Amino acid sequence: MKKISFIVAAAFCMMLGSCGMGTPGATTQSSNNAAAGGGMLGSVISAVTNGQVVGNVLQSVLGLDKLTKADLIGSWTYSQPGCAFTSKELLAQAGGEAVAQSIKDKMAGSFQTVGISSANTKITFNQDGTFSSTIAGKSFSGKYTFDEATYKVTLQGLLLNINCYAKKNSNGVALLFEASKLLTILQTMATLSGNSTAQTIGDLSKNYDGLRLGFDFKK
């Protein structure tokens, strides 16, 4: 409940600022600004009254939901591309949850191009600090560390070390990377067909600040 209240307060502050209502003495607005403000208000009301949308907003920002090592332990299967912003402010600047979902949709085609699916992309985190995984059918295993303060996961393999960030989702976890790091993983684990995948991920990286891309997993 506290999280929802915080989101509503932040959203109203954003609306007041964009409509010019945050300045003392401002009592009138143009019809265009009023219409825009009404549209934003409608979006906020919809988000507050729709639990799924509120949950999605919380899932689009790294660190809003606390994640422990115990949460990470287990076997996970890829469900869809994952993305999140490093702050609520950057998510708002990008355009909100609708943009986050659009990014996932764009990535889905790229992942299909390199053969990533729920059948061949999985990861298991063990209590003893070891992990095993397959990405697009390519095996990668070794040791891992998890920093509960920063949510940073370090995967240490024989030939490759990978850093990423873990995020709790409503039905699982996500492992998210800087766009350039994700591209390296895709190039290492699978053979790219042409440059479409590189171009898609590169464009997303340039267009959105503070964006992390990767994989949503569920048990």
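The values are calculated or read from the model by the stated rules, or taken from the named source; none is laboratory data. Quick caveat, the model's predicted, so the values are computed rather than measured. We work out accessible area using only protein heavy atoms, side chains counted, and drop any ligands, DNA or RNA first. Shrake-Rupley method; radii C 1.70, N 1.55, O 1.52, S 1.80 Å.
Of the heavy-atom accessible surface of region 62-125 (probe 1.4 angstrom), what whole percent is carbon and sulfur? Here carbon and sulfur together make up 51 percent of the probe-accessible area.
Only aspartates and glutamates eight or more places from K88 in sequence, or on another chain, were considered; those with a Cα closer than 14 Å are D65, E97, D209. For Q80 and N163, the difference between the fully extended length at 0.36 nm per residue and the C-alpha to C-alpha distance is 27.9 nm.
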